[in-house]
Each structure stands twice: as structure tokens, then as C-alpha cells.
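Colleague: Pasting a structure here, questions to come.
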Amino acid sequence: MSIKLVSNLVGHKDRVWCVAWNPTGNRLASCGSDKTVRIWEKPKGEWESVAILTGAHYRSIRSIAWSPCGSFLASTGFDSTTCIWDRRSGEFECVATLEGHENEVKSAAWSSSGQYLATCSRDKTVWIWEVGEDTEYECASVLSTHTQDVKRVLWHPMKDILASASYDDSIKLYKEVSDDWDLFCSLESHTSTVWAMAFNSVGNLMASCSDDKTVKIWKEYLPGNTDGIHVGGQDPIWKCVCTISGYHERAIYDISWCPLTDLIATACADNCIRVFKESDDSDSNSPTYNLIASENSTHEQDVNSVDWNPKIPGLLASCSDDGTVRLWEVKTSEEN
């Protein structure tokens, strides 16, 4: 495998916190400490900044997330707000500002159905917002299951199941029960802050990354499974089936699971991007993942975020404290 730099996108004036591809893979969003969101496209053969979204946040913008229809973009800020941008008119317009968190909003995520938006904060809470018509957002639930700063929220790719990761070293899973949202599973195996997680394309596996320098692979076991794993009750359980360790020199800030190739990419504080692949002969209940590509000094400082393009195999976006957004082509040896 090889990792080749495709494009170095310059424009942000400070560290870049997050990158996110839109659902069709032809548009990339990035956000950072310069209080802006940039939209990157490839209108004339080269990637370039085609829009700069400003004026909605008065402090650093920590994360961005596209709605499943691609018409809306959520941005979260250190100013305790989440802003919703609407591009249906052709131009991005901030049409809603969601308030309620008492501190920095670290992450936002849309459910695959488009019916819900989740946010999480340094205030230790996870909020679930019901998406209504005419850009109306109503808080459906405030979840206070974590004991520390909540770093990331992520929806299951096919079901209305929400995952959250925290400074308390745990991952929590929630589902709707009787018009409210309840915790049904708590995943505890990391020994330090869980920064991010990523589901595979069908949602029966999840990868998580941590300040403990490891990646963990979690598998869902349904009631009555044929693997011999006891599941009490009607809810599935998730078990850690693999720990990937010894590769990262510092904290792992982000992780992305490619829906097209099944490759897993990590963003690390050691300035490096790494790519992992499950061994062809590994056991599904005790899988083995191998490091198949790595690029030292992909950025000049910490790599904060990575995201695989959902439509173009092997196209990976990253961003860094060095203020740049970079696009990478990850190729197999057969393609070189």
C-alpha cells in the first residue's frame, strides 16, 4: 500500500479541527480555530475553496457534519452553540442556532434517517434534537450518562442508535424507548479518553480510538446469535474483539472506516496517518488487523481529523494543527 499526497488545501488561518465529506463525495467541508467553515470543491480539475462560512460562531469551530441529504451542514463551536447551514438556495445560509449546552460543543452527528441530530459537550451531556420542517429543531432528550467531557457522537449507519465517546474512557450506546432515549450498553476497555469511533458500512462492527494509543474493534452480538455469546434480554451487546496497539506514538484523535474498501484510517498526535486492514484469514470473533500503510509527517503538527470519501475508493481527507487540509490517495500494491 502507498499513501500519496493529492492536494494541499491552504486557506485556514489557524489550526483545522475537522474535515467531513458530503454524502455524494464531491464536496469537502473543514472548520477550525479561525472561526470559519470552508467548502472545497473541484470545479476545474483542482480542489479549491469555493465558499467561506463566517459570522455564526464567535469562537473556534470544533466540528462539522453533513445531513444525509447533503443539503444541511451542522457546525459546533467553543461558544456552546450548534449552527445549521442550509445550501438549498445554492448559497450556504445559517438558518438555525441551537443553544442549551453550558460549554464547548465538541461534536454533532445526523442520524441516517435524517430525523435526528445529536450534539455533545464539555458539559458532560449528549443532546438529541428532533429535526422538524422549516428548519425547526426541538430537543428530544438530554442524556447525562457520562461523568466527564463528551468528545464525540456518532449514529449507527442504518438504525436510530447513537454512540457517544468521553473523557471518562467509555463509549455509551442509546436507543429510543417509549418516546425517550435510554442507555442500553456501556463499552469499557480503553484506559484513557476515547476521542472518536467509526462504524463499518453495515454497523455490526465499530472501531474506537483513544488517548491510550490503541484502536479497539467492537462487535455487535444479537440475542440468539450463533457465536455462543450469551445475550440477556432483547438488546444486543457489544464486545471488544480486537485491540490494535504498538503502532501509535501518541494519542489517536480520529478514526474513519471506509464504507467502500473496509480500510481503517487513524489521525494521530504524532503527525502521522496510518491505515489498517483486517487479515483475510482472521476469525470474526477474534479478528486480526494489520498496518498496511503509514506516512510519517503527513502534517507538520498533530493530525486532528481523517475522513474517507464515501464514493471514491482510497481518497482520504485530513487536517491538522498546522492549518492545512490535505487529500491523500491510498492505493494497494496492485494499483501502483
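The values are calculated or read from the model by the stated rules, or taken from the named source; none is laboratory data. Treat the numbers as computed from the prediction; the structure is a model and nothing was measured. With ideal geometry, Cβ positions are generated from the backbone for all residues, glycine too; neighbour counts draw on all protein chains shown. Areas reflect the complete protein model, heavy atoms only, side chains present, ligands, DNA and RNA absent. Shrake-Rupley method; radii C 1.70, N 1.55, O 1.52, S 1.80 Å.
Colleague: Can you pull out the residues in the range 291-328 that are farther than 22 Å from R62 by Cβ, open to solvent by less than 70 Å² (accessible area, probe 1.4 Å) and in contact with an Asp or Glu (Cβ under 9 Å, 6 or more places away or on another chain)?
Modeller: G314, L315, W328
Colleague: Looking only at residues in the range 140-152 that are assigned to a loop (DSSP other than H, G, I, E, B) and not β-branched (V, I, T), which one is surrounded by the fewest Cβ atoms within 10 Å (Cβ to Cβ)?
Modeller: This residue is S144.
Colleague: Scan the range 8-29 residue by residue and report those that are crowded, with 18+ Cβ neighbours inside 10 Å and of a type in the set (S, T, N, Q).
Modeller: If the condition is that a residue be crowded, with 18+ Cβ neighbours inside 10 Å and of a type in the set (S, T, N, Q), then N22 is the only one that fits.
Colleague: Let me ask something else. Identify all residues within the range 111-139 that are in contact with a Cys (Cβ under 9 Å, 6 or more places away or on another chain) and not in a loop (DSSP other than H, G, I, E, B); write none if there are none. First the steps, then the outcome.
Modeller: Residues of the range 111-139 in contact with a Cys (Cβ under 9 Å, 6 or more places away or on another chain): 114, 126-130.
Those that are in contact with a Cys (Cβ under 9 Å, 6 or more places away or on another chain) and not in a loop (DSSP other than H, G, I, E, B): V126, W127, I128, W129, E130.
Colleague: So, one more: Of (1) touching a residue at least 60 places away in the same chain (Cβ under 8 Å); (2) farther than 21 Å from V19 by Cβ, V215 satisfies all except one. Which?
Modeller: With (1) touching a residue at least 60 places away in the same chain (Cβ under 8 Å); (2) farther than 21 Å from V19 by Cβ applied to V215, the lone miss is (2).
Colleague: Among residues belonging to the range 263-290 that are assigned to a strand (DSSP E or B) and open to solvent by less than 10 Å² (accessible area, probe 1.4 Å), point out the one that is farthest from S33 (Cα to Cα).
Modeller: Initially, the range 263-290 is screened for residues assigned to a strand (DSSP E or B), giving 264-268, 273-278, 283, 286, 289-290.
Narrowing the set further to residues that are open to solvent by less than 10 Å² (accessible area, probe 1.4 Å) leaves 264-268, 273, 275-276.
Values: I264: 27, A265: 24, T266: 22, A267: 18, C268: 19, I273: 22, V275: 27, F276: 30 Å.
Restricting to residues being assigned to a strand (DSSP E or B) and open to solvent by less than 10 Å² (accessible area, probe 1.4 Å), the top hit is F276.
Table: residues versus (1) over 22 Å from S141 (Cβ atoms); (2) in contact (Cβ under 8 Å) with a residue 24 or more places away in the chain.
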residue: L173; (1), (2): no, yes
residue: V177; (1), (2): no, no
residue: W181; (1), (2): no, yes
residue: G228; (1), (2): yes, no
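Colleague: Of the numbered conditions (1) open to solvent by 20 Å² or more (accessible area, probe 1.4 Å); (2) at pLDDT 95 or above; (3) out of contact with any strand residue (DSSP E or B) (no Cβ under 7 Å at 6 or more places or on another chain), E91 satisfies every one except a single condition; which is it?
Modeller: (2)
Colleague: I've got another one for you. Of all residues in the range 108-164, which are within 13 Å of F199 (Cβ to Cβ), of a type outside the set (S, T, Y) and under 16 Å from the mean Cα position of the chain (by Cα)?
Modeller: Matches in the range 108-164: A109, R152, V153, L154, W155, H156, P157, M158, I161, L162, A163.
Colleague: Can you name the number of the only condition in (1) out of contact with any Cys (no Cβ under 7 Å at 6 or more places or on another chain); (2) open to solvent by less than 50 Å² (accessible area, probe 1.4 Å); (3) under 20 Å from H12 (Cα atoms) that H57 fails?
Modeller: (1)
Colleague: Next up: Could you please find all residues in the range 145-193 being of a type in the set (A, V, I, L, M, F, W, C) and under 19 Å from A65 (Cα atoms)? Before the answer, list the steps.
Modeller: So in the range 145-193, the residues of a type in the set (A, V, I, L, M, F, W, C) come out as 150, 153-155, 158, 161-163, 165, 171, 173, 177, 181, 183-185, 187.
Correct list: V150, V153, L154, W155, M158, I161, L162, A163, A165.
Colleague: Tell me whether the range 186-197 contains one or more residues that are aromatic (F, W, Y), surrounded by 17 or more Cβ atoms within 10 Å (Cβ to Cβ) and within 23 Å of S33 (Cα to Cα). Outline the logic, then answer.
Modeller: Let us first name the residues in the range 186-197 that are aromatic (F, W, Y), namely 195.
Filter again for surrounded by 17 or more Cβ atoms within 10 Å (Cβ to Cβ), leaving 195.
Cutting the leftovers down to within 23 Å of S33 (Cα to Cα) gives us 195.
Yes.
Colleague: Mind telling me which of the residues C268, C258 ends up being at pLDDT 95 or above and touching a His at 6+ places or on another chain (Cβ under 9 Å)?
Modeller: Every option except C268 fails the conditions.
Colleague: Condition first: open to solvent by 20 Å² or more (accessible area, probe 1.4 Å) and assigned to a strand (DSSP E or B). Now tell me which residues in the range 94-105 satisfy that.
Modeller: Result: C94, V95, T97.
Colleague: Which residues, counting only those in the range 153-170, are open to solvent by 10 Å² or more (accessible area, probe 1.4 Å), of a type outside the set (K, R) and part of a loop (DSSP other than H, G, I, E, B)?
Modeller: Passing the criteria: P157, M158, D160, Y167, D168, D169.
Colleague: Next question, about the same structure. Regarding the range 173-185, can at least one residue be identified that is hydroxyl-bearing (S, T, Y), within 16 Å of the chain's Cα centre (by Cα) and open to solvent by less than 10 Å² (accessible area, probe 1.4 Å)?
Modeller: Checked the range 173-185: no residue is hydroxyl-bearing (S, T, Y), within 16 Å of the chain's Cα centre (by Cα) and open to solvent by less than 10 Å² (accessible area, probe 1.4 Å).
Colleague: Please enumerate the residues belonging to the range 12-30 that are assigned to a strand (DSSP E or B) and not hydrophobic (A, V, I, L, M, F, W, C). Working first, answer last.
Modeller: We begin by selecting, within the range 12-30, every residue assigned to a strand (DSSP E or B); these are 16-21, 28-30.
Correct list: S30 only.
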